[in-house]
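The values are calculated or read from the model by the stated rules, or taken from the named source; none is laboratory data. From a predicted model like this one, the values you see are computed outputs, not experimental measurements. Every residue, glycine among them, receives a Cβ derived from its backbone with ideal geometry; neighbour counts consider all protein chains shown.
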Amino acid sequence: MFNKIIPHKKITAKELFAFEKTPFNIFMMATTLMLLTAFVAGVINYLLHGHAAYGVTREHPWGLMIAMYVFFVVSSTGLCIISSLGHIFKFKSFEFIGKRAIFGAIITILAGFAVIAFEIGHPVRMAIYNTISPGITSAIWGMGVLYSIYLGLIIMEFIFLSRNDHKWSTAFGLGGLLVGISAHSNLGAVFGFLVGRPMANGVFYPIYFILSAMITGCYLLFLMYGYKNKMNFDEDKTKFLTHLARLLGLLLAILIFFEFWRFLTAIYGGVPERADTAIHILTSTNFLIGEVLLGMLIPFIIIVVSRARAVKALVAASFTGMIGIFFMRYDLVTDTLIYPMQTLKKAEYQLAPTWIAYSPTWTEWAISLGAIGIVLALYYIGENFFYLNPKEHDDYFDHYKGLDD
């Protein structure tokens, strides 16, 4: 029955969890189990103690779990956008990544939902009141609705891709792309609409979120194919990864350009709070090492020096790039809230503002990092259960006959 809906490999549960016992595979299995255990432990502690288990406060109401939610949904949107280059826009060297990229988009957004479900407090109540009393003017409401529609569309796209029905998979894929971009720019607007936070307020984030999503999608595809092919790439994969590297180089150049002007305009004129926050960010280790060095410069330098041909080095650089992406999401949340809100006192003395300190608790780390274990587990299951590579009988991929499962 299920095979008629989504073609899948004939495999038993025992065969599913039987794998080659190489050191790397054993390491990945142990890491995945450890992360899943951490997730369960974090959820249990949250259910016992509620938001008291988190390090957030009234002064700093968003924390690590918001950052990880953004991290996962950015990853999902990025994979969807990059996959559309082949599946929707018919770039030949990108065509064969469709099913793998869309499956990655599905599991990353599910991980994001798993994180946010234990941050918002009452996910069931949220679903009910989102329906019966929608907040049309709320960017957060729009984000939730759009991402729910997006998830449904990419699931349908994956089903029809698996059935080699490219008419309907293209239709759902185009819908998923448009709704995904809308949802993601709406997520950026959640920050851009913060009028009381000058460093975040404005048009930058709705655009920046789309750009950084595409960069994240490129990093993840390098990691996926590096893992899948054990760093041994045939001619077709090398051609694809070279094209992907060129695209990544262009996107990184644009991101560096964006960041330069964001901070220049923030500092220029010395506007209170805005300039202070920008200078504080520019001198922080998270920004200089995490965002700039790991997230942008290392991959960009490798691409420029090798002319986008060092695909093996870029697989390793994509790992550091994803660490940089994490810092981008974490800093996005903490840097937005780090400057304290001031009261409008005119007759009383008011103390000079000091930076707000925030430190995630073990529960936040357990749930946030544990969601990575969810992604790893679902990806392993999908790799062994579904046909994520194009199959020989699919004439849509005739020029990739060497890529069968």
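Tabulated results
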{"item": "Qualifying positions in the stretch 219-234 - in contact (Cβ under 8 Å) with a residue 12 or more places away in the chain and either surrounded by 15 or more Cβ atoms within 10 Å (Cβ to Cβ) or over 16 Å from Gly382 (Cα atoms) (or both)", "result": "Tyr219, Leu220, Leu221, Phe222, Leu223, Met224, Tyr225, Gly226, Met231, Phe233, Asp234"}
{"item": "The stretch 40-50 - residue that is surrounded by 13 or more Cβ atoms within 10 Å (Cβ to Cβ) and not β-branched (Val, Ile, Thr) and, of those, farthest from Glu119 (Cα to Cα)", "result": "Ala41"}
{"item": "Test set (1) closer than 27 Å to Phe103 by Cα; (2) out of contact with any Cys (no Cβ under 9 Å at 6 or more places or on another chain) - Phe191 fails condition number", "result": "(1)"}
{"item": "Ser83 being more than 21 Å from the chain's Cα centre (by Cα), small (Gly, Ala, Ser), surrounded by 14 or more Cβ atoms within 10 Å (Cβ to Cβ) and assigned to a helix (DSSP H, G or I)", "result": "no"}
{"item": "When residues of the stretch 357-391 are limited to those that are assigned to a loop (DSSP other than H, G, I, E, B) and at pLDDT 90 or above, the one farthest from Met224 (Cα to Cα)", "result": "Tyr358"}
{"item": "Residues of the stretch 98-141 that turn out to be under 14 Å from Val43 (Cα atoms) and not in a helix (DSSP H, G or I), as a count", "result": "5"}
{"item": "Breaking point among (1) of a type outside the set (S, T, N, Q); (2) surrounded by fewer than 24 Cβ atoms within 10 Å (Cβ to Cβ); (3) modelled with pLDDT under 95; (4) not in a loop (DSSP other than H, G, I, E, B), for Leu153", "result": "(3)"}
{"item": "Checklist (1) surrounded by 14 or more Cβ atoms within 10 Å (Cβ to Cβ); (2) in a helix (DSSP H, G or I); (3) not β-branched (Val, Ile, Thr) applied to Phe257, failing item", "result": "(1)"}
